[in-house]
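First up is the structure itself, then whatever we jot down about it.
Computed from the coordinates by the stated procedures, all read-outs in this text should not be read as laboratory data. Remember, predicted model here, so these are calculated numbers, not experimental data. Using ideal geometry, Cβ is built from the backbone for each residue, glycine included, and neighbour counts are taken over all protein chains shown.
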Amino acid sequence: MGRKRKRIVRTKPIPSLPTVFDCPICGTTNSINIDIDRKIRTAAILCGKCKIQTTRPVRPIEERVDVFGDWLDSLVEESEKEQESPLSDDGSDITDES
Ligand SMILES: [Zn+2]
């Protein structure tokens, strides 16, 4: 006779790394896709919203989240460079009043 089979449903939480990210350029949530090509060790970053596209070198141990963090760091560096005033002070602060 047909035995009742106990169905064991395992709800194992899979610790998955995020594969989509928020775009730091246009601010859209989960719009950044990162495609890692291990053969050429390059990661292609693409925003589905503002279509910003960039590639970054990727090390074998690196995952999407690493690539994304690395990209963010480089963006911050760039913006910090821009914030530095290109108009250098010509030293006219020191007035020679005597
Ligand atoms: Zn974007």
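Of everything in the stretch 42-56, what is out of contact with any helix residue (DSSP H, G or I) (no Cβ under 9 Å at 6 or more places or on another chain) and not charged (D, E, K, R)? Give them in sequence order.
Once the filter is applied, which keeps residues that are out of contact with any helix residue (DSSP H, G or I) (no Cβ under 9 Å at 6 or more places or on another chain) and not charged (D, E, K, R), the stretch 42-56 yields T42, A44, L46, C47, G48, C50, I52, Q53, T55.
Out of curiosity, is P15 loosely packed, with under 14 Cβ neighbours inside 10 Å and closer than 20 Å to V76 by Cβ? Working first, answer last.
Numbers: loosely packed, with under 14 Cβ neighbours inside 10 Å: yes; closer than 20 Å to V76 by Cβ: no.
Against the criterion (loosely packed, with under 14 Cβ neighbours inside 10 Å and closer than 20 Å to V76 by Cβ), P15 does not qualify.
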